[in-house]
1. On a full-extension model of 0.36 nm per residue, what is the gain between Glu92 and Ser62, subtracting their alpha-carbon distance, rounded to one decimal in nm?
2. Using a 7 Å offset from the Cα along the Cα-to-Cβ direction at both Arg46 and His29, what is the distance between the two label points in nm, to one decimal?
Amino acid sequence: MALLERMDVPTGLMATAVRMRIRLVDLDHSISAEMLDRFAAGSATRGERRAVVRHLLEGCPSCSRHLGRFWPAENVQEPEEAYDQAFERGLERALAVINAGA
């Protein structure tokens, strides 16, 4: 079954418009491989970092795959574990401030 059929998009003019939009998005890909490499190396400008993060949040699978070469999946923490660790670090800092003032 075609993707457009699964999406319940009618054929004809609407389907053509959807295909054209998909092509326009591909042509308008403003994040270069070089910019992604600078982002991964930590040498991107502030504007480039913001653009890359915004672009990744929009869900670009191509750029996510490109950056995945720099950060293998086995190094990624589970969201819940990272969340808990952030709270633990915050608690440790707060206790250090309290103990320093006591």
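Please treat every number below as a calculation from the coordinates, not as lab data. The structure presented is a predicted model; accordingly, all values stated were derived computationally and were not measured. A quick note on method: Cβ atoms are made from the backbone with ideal geometry, for glycine too, and the neighbour counts reach across all protein chains shown.
1. Result for the pair: 6.9 nm of gain on full extension.
2. 2.9 nm
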